[in-house]
Amino acid sequence: MSLPKETIRALESIVGPQYVSEDPVVCQVYARGGYGKDIVLGRGNLKPACVVLPGSTEEVQSIVKLANRYKTPFVPVGTFWFNSCGPYRENVISIDLKRMNKIEIDDRNMYAVCEPYVIFSQLQHEAMKRGLYMMVPGGGAQVSVVNNVTGAGYSPLNYRIGGPQRRILGVEWVMPDGEILKLGSASMLKEYFWGEGPGPDLRGILRGPQGWQGGLGIFTKAAVKLYPFQPERLVPTGISPDTTLELPTKRMRRYNITYPDQPSLVKAMREVSKAEIGAAITKVPVMWRYRARSTSKEHFWELWKGAKEDLQKNTETILLVVIIGYTSEKQVEYEERVLTDIVTETGGTLRRTKQTDESWIKNADSAGMWWSAGGYISVKINVDSLDHALKSGRDAAALKKKYLEGAVDDYGDPGWFQISSFGHEGYNEFLVEFDATSDPKVSHRIDNFYVDAVKQDVKEGCYSGMQMSYGPVGITGPAYGDHHILLKEIKEMFDPGYLSNPPRPFEFDEKIERECPWVKKDW
Amino acid sequence: MALVLENHRYDADRCIRCGGCKWVDHIYMGHPRWGVKCPSIARYLFDPYAAYGRLQLALGLMDGELEITPSFVDAVFQCQLCGACDVGCKRNLDLEIQDTLMALRQRVVDKGKGPLPGHKKAAGNIESTWNIFGSRKKERFSWMPSGIQPAAKADVLYWAGCYPAYTQSETAQATVKLLKAAGVDFAVLGESEWCCGQMLFTTGQTELALKVAQHNIDAIKASGAKTVLTSCPECLTALKVEYPKLLGKSTSDMPYQVVHLTEFMEPLVKNGAIKLNKPLPMRVTYHDPCHLSRMSEPWVQWEGTRGQYGVLQPPKQWRRGTNGVYQQPRNIMGAIPGLELVEMQRTRENAFCCGAGGGVREGLNDFALWTAQERLTEAKETAGTNTLVLACPHCKANFTDAIKKSGDNMKVYDIAELMVKALSQGKEA
Ligand SMILES: Cc1cc2nc3c(=O)[nH]c(=O)nc-3n(C[C@H](O)[C@H](O)[C@H](O)COP(=O)(O)OP(=O)(O)OC[C@H]3O[C@@H](n4cnc5c(N)ncnc54)[C@H](O)[C@@H]3O)c2cc1C
Ligand code: SF4
Ligand code: SF4
């Protein structure tokens, strides 16, 4: 695998020789990431032919134009949290965007313009310094803001501030052919404050069902909306691994509420959102309570195995709520009173909880999902109504029984679910943790679980949010408005040569066909 | 027992590329300019220069996909073994990153592809003179201030270490003045104190490391001292962690207890045995030396097996950097009237290394100086001061060289020097 010398020299002339490498030692490390690597469906494992580190939009543009000239595929690389940064074709140029980490904040107009290597904890730090805030995706404070808003964007904090589509403002986009397209106000006014215009607004195409993951060019800048926060400082405390933000309790409070069963918890969720109180609200799987209590993996397993009998009888579930006094301390007092009434009426019990935050506001403990078993994948991420999210979670829990060998038994828990936009949108994420190190068949089983979970959603009429972009389009496309045809048309209009992270978004289908004989292709 | 790479396959293979090893803990995260705590990826940018990248190199090597080429060797040694990655990873996952990186180096050396010429030269110095500089053996304690006479035998043994003994003698002198001021009797080993060998451990030169360790352990034993006190965190780590690790023991099995000057002095400052009463009207920032802070926890030998889900049997006592020496130097400075301590953006377990460790100063000096300059810039830009205090002569030597090279106006003090300046009138020897 190598590119012609001429191509390498041209790349060097764009970014400088020190920022281009075709050394096998460098290329080795751009082949695979973490998430997805344990299931064969997760991604291919090819090394790129070279890695380039551009420092500006102009350099990204020149690289993409060069790739077009030589018909060479390219893959953008952000923080590499998704395995789709690993090439799926031979002779790819990996474009590592690490050098592009500038951030500009317009606090008066409440938005931030980020280059692709600005990550959430950094944005949140800068925003909070100015009395503003943003969500941090549950999947990681360490991911690129640009990549996340253009491809995912889910967080418990969406409860108040809504879905990701609404916070993308102006965007700078290097299209698959190397032309630069600016969206929203960035196109005409050179300012990024508004997404709808003046100028083109292609944000629907840009996000697609769940983002193109490099399949439609490279976003080199995106402005995101910031929201007014409360004025007190959240004080970082502790030494690793026990670091946390202390909440200023006059302005922010956290509640841990237990419910005897799921229906009463869901009722509370609805009531809380009807009352339009709270900043974040999430149902947490019981397993996470055991994790929080344990001092090591070994300790966790001791507790968790011992909990089986009790948990199979006990249907208790946990609801976490955060209240923020955006406007005043009085707002906190008022919302707390309303919450207390709702908890009483819905049969919940308010438990004492630490007034700290480890995982919603500036950090996200997603790495912990690998902690219990060493391997993990989300087989479902539904973004739909709360009813659908619940149903899909329950269905997944039932389906999981078939795939338990080598996987962690969570004793029937239906996963995480939360609501955004004050309950107008529901979200469910169903995880499966497993040990892929001892027996390859475990991974194969999880491949099947993954595909079966998509089929299940289709059959049951639940919208399989993530799998629309991270799953076999051959299943989801015909089920949801033939969107596979639309995706193909858009892809071929913008990228007729399939150079931008090929074969995105069709690699799951290709993979099942070529490399997963253990997954029966019956669609 | 040298580290064996294959024993760390699980650690390498289970890396999830979350970047916890390179980013500052998100709870403490600041502006992107100071977002990365790994000097290696901060400078070299390509992913083999982060811990997660090196783990992939380790897998590639074990699986026969990669050969040990010059660029492989470069990626493996352009790293201070500063432990920021180890602690960062253990915030979430308890993978043994530091040991995996060391095992990888060991493999490179065992295959005859390392260490680097600078490491070999330093090892040669050690072997011929028992100090890292190749300076004269008998001058090891010639810095001793007149008027201070170590005891022939005492419970406390002052372990000077090569840097304080030969180039950063102001630290050694300040240390013994403090001991005198506190009324602590101490002995020294004289010519029997050999280089601690930390550079040998980190560069995979295990045979010589073992020889040095064995000699030093015997010499300490023969001195009859109960406590070894050192002002050098590199020596601290060698005596406290690397010696037992190499011998397959735990720190608690060693025939001595070893403490750093700041651990020793803090209670004495607190209980008034030593009085830091003289005002020092200075605005300073404190640099946490890696081997005093996140890397200084005792070694607990573990032997066992890994079962399903990666569960260890028996459970292991983890070194996560939580119980390092962070607060003691801060408390000492807090006791000095007039002294204002302002923290940098990256601090405590998230501190950015000075650049000297892991054989980088000896083998890849340019990278050592670049790293030091980054830290000096951070001190100025995020703490707003041009005075840096630290508690490590190795760091001080490196910062001093960086300042010499760049012409920077930063001043660097070892905490021992500051303490001596703050001693009540008449107490200073
Ligand atoms: C375990 C896990 C949990 C997650 N949970 C959540 C969650 O709770 N909420 C949520 O919102 N998201 C979640 N995500 C998704 C995650 O937020 C996104 O994957 C994230 O935005 C990726 O950012 P990154 O910088 O790591 O992207 P990368 O992994 O580097 O890239 C992702 C894809 O985008 C492409 N790409 C990279 N940079 C660019 C660019 N500048 N322009 C165009 N394409 C680019 C890459 O080629 C790749 O295919 C989760 C992901 C994982 C792995
Ligand atoms: S923190 Fe650990 S798991 Fe995460 S990328 Fe680094 S080495 Fe891998
Ligand atoms: S030891 Fe320090 S320099 Fe080396 S990889 Fe880890 S953080 Fe980077």
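This table checks each residue for (1) touching a helix residue (DSSP H, G or I) at 6+ places or on another chain (Cβ under 6 Å); (2) over 25 Å from residue B:50 (Cα atoms).
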| position | (1), (2) |
| --- | --- |
| A:18 | no, no |
| A:39 | yes, no |
| A:73 | no, yes |
| A:87 | no, no |
| A:92 | no, no |
| A:107 | no, yes |
| A:113 | no, yes |
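Scan segment B:142-162 for residues that are touching an Asp or Glu at 6+ places or on another chain (Cβ under 8 Å) and either free of Cβ contacts under 8 Å to residues at least 60 places away in the same chain or open to solvent by 30 Å² or more (accessible area, probe 1.4 Å) (or both) and jot them down.
Scanning segment B:142-162 gives B:151, B:155.
Would a scan of segment B:114-124 turn up a residue that is under 30 Å from residue B:187 (Cβ atoms) and within 21 Å of the chain's Cα centre (by Cα)?
Checked segment B:114-124: at least one residue is under 30 Å from residue B:187 (Cβ atoms) and within 21 Å of the chain's Cα centre (by Cα).
For (1) assigned to a loop (DSSP other than H, G, I, E, B); (2) of a type in the set (A, V, I, L, M); (3) open to solvent by less than 40 Å² (accessible area, probe 1.4 Å), each residue gets a yes or a no:
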site	(1), (2), (3)
B:164	no, no, yes
B:172	no, yes, yes
B:175	no, no, yes
B:196	yes, no, yes
B:204	yes, no, yes
B:209	no, yes, yes
B:221	no, no, no
B:229	no, yes, yes
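What do you reckon, is residue A:238 at pLDDT 95 or above and over 30 Å from residue B:319 (Cβ atoms)?
Here the answer is no, as residue A:238 does not meet what is asked.
Please work out if residue B:63 is more than 23 Å from the chain's Cα centre (by Cα) and either within 9 Å of chain A (Cβ to nearest Cβ) or more than 14 Å from ligand 3 (Cβ to nearest atom) (or both).
Criteria met by residue B:63.
Say whether the condition of being part of a helix (DSSP H, G or I) and either at pLDDT 95 or above or of a type in the set (D, E, K, R) (or both) is met by at least one residue in segment A:310-319.
yes
Given the condition within 16 Å of ligand 2 (Cβ to nearest atom) and in contact with a Phe, Trp or Tyr (Cβ under 9 Å, 6 or more places away or on another chain), answer yes or no: does some residue in segment A:124-132 qualify?
No: zero hits.
Of the conditions (1) part of a helix (DSSP H, G or I); (2) under 23 Å from the mean Cα position of the chain (by Cα), residue A:172 satisfies every one except a single condition; which number is it?
All conditions are met except number (1).
If only one of A:233, A:207, A:291 is of a type in the set (Lys, Arg) and away from every other protein chain (no Cβ under 14 Å), which one is it?
On inspection, the qualifying residue turns out to be A:207.
Yes or no: residue B:375 more than 24 Å from residue B:196 (Cα to Cα), modelled with pLDDT of 95 or more and within 14 Å of chain A (Cβ to nearest Cβ)?
no
Out of (1) crowded, with 21+ Cβ neighbours inside 10 Å; (2) under 28 Å from residue A:143 (Cα atoms), what's the single condition that is false for residue A:358?
(1)
Evaluate segment A:44-63: report whether one residue or more is within 11 Å of chain B (Cβ to nearest Cβ), open to solvent by 10 Å² or more (accessible area, probe 1.4 Å), small (Gly, Ala, Ser) and more than 29 Å from residue B:67 (Cβ to Cβ).
yes
Whether any residue in segment B:6-23 is away from ligand 2 (no atom under 12 Å from the Cβ) and over 20 Å from residue B:204 (Cα atoms) is what I want to check.
no
Among (1) within 16 Å of ligand 2 (Cβ to nearest atom); (2) at pLDDT 95 or above; (3) not acidic (Asp, Glu), where does residue A:178 come up short?
(1)
Restricting to segment B:97-121, and then to whatever is away from ligand 2 (no atom under 15 Å from the Cβ) and within 14 Å of chain A (Cβ to nearest Cβ), can you tell me which residue is surrounded by the fewest Cβ atoms within 10 Å (Cβ to Cβ)?
Filtering segment B:97-121 for residues that are away from ligand 2 (no atom under 15 Å from the Cβ) and within 14 Å of chain A (Cβ to nearest Cβ), the one surrounded by the fewest Cβ atoms within 10 Å (Cβ to Cβ) comes out as B:113.
Go through (1) surrounded by 24 or more Cβ atoms within 10 Å (Cβ to Cβ); (2) away from chain B (no Cβ under 14 Å) for residue A:88 and report which single condition fails.
Evaluating residue A:88 over (1) surrounded by 24 or more Cβ atoms within 10 Å (Cβ to Cβ); (2) away from chain B (no Cβ under 14 Å) leaves (1) as the failure.
Of all residues in segment A:390-399 being in contact (Cβ under 8 Å) with a residue 40 or more places away in the chain and either of a type outside the set (Lys, Arg) or touching a strand residue (DSSP E or B) at 6+ places or on another chain (Cβ under 7 Å) (or both), which is surrounded by the most Cβ atoms within 10 Å (Cβ to Cβ)?
The selected residue is A:392.
Looking at B:125, B:131, B:92, can you tell me which residue is at pLDDT below 95 and in contact with a Cys (Cβ under 9 Å, 6 or more places away or on another chain)?
B:92
What about residue A:74, is it among the aromatic types (Phe, Trp, Tyr), more than 14 Å from chain B (Cβ to nearest Cβ) and open to solvent by less than 30 Å² (accessible area, probe 1.4 Å)?
yes
Taking segment A:371-406 as the search range and keeping residues that are more than 16 Å from ligand 1 (Cβ to nearest atom) and within 14 Å of another protein chain (Cβ to nearest Cβ), which one is nearest to residue A:476 (Cα to Cα)?
Only one residue tops the list, namely A:404.
Just checking: which of the helices (runs of 4 or more DSSP H) contained wholly in segment B:232-335 hold 2 or more residues that are within 19 Å of the chain's Cα centre (by Cα), away from chain A (no Cβ under 13 Å) and more than 27 Å from residue B:204 (Cβ to Cβ)?
Output list reads B:261-270, B:327-334.
So residue A:181 passes all but one of these: (1) part of a loop (DSSP other than H, G, I, E, B); (2) surrounded by fewer than 19 Cβ atoms within 10 Å (Cβ to Cβ); (3) not polar (S, T, N, Q). Which condition number does it fail?
Failing condition for residue A:181: (1).
Show the residue pairs that are 6+ apart or on different chains and have beta-carbon atoms under 6 Å apart, the first residue being within segment A:355-370 and at the interface with chain B (Cβ under 9 Å from one of its Cβ atoms) and within 14 Å of residue A:240 (Cα to Cα), the second being open to solvent by 10 Å² or more (accessible area, probe 1.4 Å) and small (Gly, Ala, Ser).
Short answer, once both residue conditions are applied: A:365/A:359.
So which of B:27, B:16 ends up being away from ligand 1 (no atom under 16 Å from the Cβ), within 21 Å of residue A:243 (Cβ to Cβ) and more than 23 Å from the chain's Cα centre (by Cα)?
Unique residue meeting the criteria: B:27.
Can you say whether residue B:126 is more than 13 Å from chain A (Cβ to nearest Cβ), under 25 Å from residue B:171 (Cα atoms) and part of a loop (DSSP other than H, G, I, E, B), as far as the supplied structure shows?
When the stated conditions are applied, residue B:126 does not pass them.
Does residue A:295 qualify as being of a type in the set (Val, Ile, Thr) and closer than 21 Å to residue A:246 by Cβ?
no
Does residue A:275 fit the bill of being of a type outside the set (Lys, Arg), in contact with a helix residue (DSSP H, G or I) (Cβ under 9 Å, 6 or more places away or on another chain) and within 14 Å of chain B (Cβ to nearest Cβ)?
no
The values are calculated or read from the model by the stated rules, or taken from the named source; none is laboratory data. It should be emphasised that the depicted structure is a prediction, and the values quoted were computed from it without experimental measurement. Quick reminder, even Gly has a Cβ in these numbers, built from the backbone with ideal geometry, and neighbours come from all protein chains shown. SASA here: full protein model, heavy atoms, side chains in, ligands and nucleic acids out. Shrake-Rupley method; radii C 1.70, N 1.55, O 1.52, S 1.80 Å.
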